[in-house]
1. As an exercise: evaluate A:A77 against (1) at pLDDT below 90; (2) open to solvent by 40 Å² or more (accessible area, probe 1.4 Å) and give the number of the one condition it does not meet.
2. Out of the residues in segment A:82-113 meeting the condition of being in a loop (DSSP other than H, G, I, E, B) and either open to solvent by 30 Å² or more (accessible area, probe 1.4 Å) or touching an Asp or Glu at 6+ places or on another chain (Cβ under 7 Å) (or both), tell me which one is modelled with the lowest pLDDT.
3. Would you mention how many residues in segment B:81-106 are surrounded by fewer than 18 Cβ atoms within 10 Å (Cβ to Cβ), within 14 Å of chain A (Cβ to nearest Cβ) and in contact with a Ser or Thr (Cβ under 9 Å, 6 or more places away or on another chain)?
4. Which number in (1) of a type outside the set (A, V, I, L, M, F, W, C); (2) under 19 Å from B:C32 (Cβ atoms); (3) touching a Leu at 6+ places or on another chain (Cβ under 8 Å); (4) buried (at least 18 other Cβ atoms within 10 Å of the Cβ) marks the one condition that A:T15 misses?
5. Given the structure, is B:V178 open to solvent by 10 Å² or more (accessible area, probe 1.4 Å), within 9 Å of chain A (Cβ to nearest Cβ) and within 25 Å of A:T80 (Cβ to Cβ)?
6. (1) in contact with a Lys or Arg (Cβ under 9 Å, 6 or more places away or on another chain); (2) basic (K, R); (3) under 28 Å from A:P191 (Cα atoms); (4) surrounded by fewer than 17 Cβ atoms within 10 Å (Cβ to Cβ): which one isn't true of B:K78, the others all being true?
7. Out of segment A:179-203, which residues are open to solvent by 70 Å² or more (accessible area, probe 1.4 Å), modelled with pLDDT of 85 or more and in contact with a helix residue (DSSP H, G or I) (Cβ under 9 Å, 6 or more places away or on another chain)?
8. Report yes if B:F186 is within 16 Å of the chain's Cα centre (by Cα), of a type outside the set (A, V, I, L, M), more than 10 Å from chain A (Cβ to nearest Cβ) and crowded, with 23+ Cβ neighbours inside 10 Å, otherwise no.
Amino acid sequence: MDKAPSLIVCEHCDTVYRRQPLARGEVARCAVCDAVLERHQWLGVDAQFALVLTGLIVFVIANVSPIVSLSLSGMTADTTLWGAVIAMWNDGAQIVAVLTALTLFFFPLAQILMHGWVLWFARSGLRAPGFRQAMSALVRVKPWSMIEVFMLGVLVSVVKAHTYFDVVPGPGIWAFGVLTVLVTVFASHDPRNLWDVTREIRT
Amino acid sequence: MSELPRARELGMMGCHVCRLVTAYTDDPKARCPRCHSPLHVRKHASLARSWALLITAAIFYIPANAFPIMRTQSLFDKDDNTILSGIVELWRAGSPDLAVIVFTASIVVPVLKFLILGYLLVSVQRASEWGARRRAKLYRFVELVGYWSMLDVFVVAILSALVHFKVLSRVEPLPGVVYFGMVVVFTMLAAMSFDPRLIWDKRKSR
């Protein structure tokens, strides 16, 4: 099959363009349907790797530390993300428990690990073992990772609970806040560019 | 605008997963030479799958709103909240701005998704030529906002875990929240099955 790496096809309307080098801050848009074709990749591979590593550390903190704690006449209660998953499971909402665990734990974790793995090799211009599978999995998993939504959910819960209880934010809430920022930075970054900057490992 | 070349007319196709552009093939088993993902010119049975998922989501949306999503229990009273009554309570007792956010995420976004996706599907089937660019933008809007409807599901999950003071005070999830979670998943799948290129394909004349 013939390949044409200098061309790019708009995913939303099928129009073909010749790829142009983009300057900092530039976004290539489709002239027909106005969808984003490509963004300037303002972070180098090393910087991306550093961010993914930060993401992993923050993710661990977000998952082990309490998000918020409540107190009611001398009693206190707090919860982590997994506390919420377990509570849903025990209270008869198993489907929601699974959905929550997938969208807030397994998918984001898989994203961080796979991205870190391919970037670690990409730092020396190489394609990691399993590069192909990891890259397509990254594209597919992306829409199902919902850290940002969870962050807003925590805020709404805090306000709701505040009517009846004293609410104290825990370290988890800050970790999720930082994760939301990191996720947003990554959302403006297309991992598919790694195909262009890496080459197959010769054995 | 119409003079810009489109991949199908040039005998090319782009890979969905890695974006490599290759020569056109109608082999249904064709795979991208670079990332080995299945290649197809248009998403398979896009309209039928998208309709099926959208209708499923719309059916689930009825119990999602009719059934309560959580129960707040204290020593003296028991209070079942639906999505809508939760929003009203948030408006009265909490903060109106958050009530607006929750209302947008759990009522406005799903309803907009039903309407917009339904409209896109009908307009593609009728080979409408009107406002293709605007419809393309509507589709991207639907894709972008879809998952924010999980907001209330996560709120119920957090509160159920947090408010667990034995008999004194408890929050429990109720079936409505399960239906609501399913609505979000099905609308997301429906939006993913829709192929926006159909907006530009099915026009009657060139």
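1. (2)
2. In the first step, residues of segment A:82-113 are kept if they are in a loop (DSSP other than H, G, I, E, B); the result is A:91-93.
Subsequent filtering for residues that are either open to solvent by 30 Å² or more (accessible area, probe 1.4 Å) or touching an Asp or Glu at 6+ places or on another chain (Cβ under 7 Å) (or both) retains A:91-92.
Details: A:D91: 89, A:G92: 86.
Among those that are in a loop (DSSP other than H, G, I, E, B) and either open to solvent by 30 Å² or more (accessible area, probe 1.4 Å) or touching an Asp or Glu at 6+ places or on another chain (Cβ under 7 Å) (or both), it is A:G92.
3. Here the count works out to 2.
4. Answer for A:T15: the failing condition is (2).
5. Numbers: open to solvent by 10 Å² or more (accessible area, probe 1.4 Å): yes; within 9 Å of chain A (Cβ to nearest Cβ): yes; within 25 Å of A:T80 (Cβ to Cβ): yes.
Yes.
6. (3)
7. Hit for segment A:179-203 is A:T184, nothing else.
8. Numbers: within 16 Å of the chain's Cα centre (by Cα): yes; of a type outside the set (A, V, I, L, M): yes; more than 10 Å from chain A (Cβ to nearest Cβ): yes; crowded, with 23+ Cβ neighbours inside 10 Å: no.
Judged against the criteria, B:F186 is not a match.
The values are calculated or read from the model by the stated rules, or taken from the named source; none is laboratory data. These numbers come from a predicted model, not from an experiment. Positions of Cβ are backbone-derived with ideal geometry, glycine not excepted, and every protein chain shown enters the neighbour counts. The protein model used for the area step is the full one, side chains on, heavy atoms only, and it has no ligands, DNA or RNA in it. Shrake-Rupley method; radii C 1.70, N 1.55, O 1.52, S 1.80 Å.
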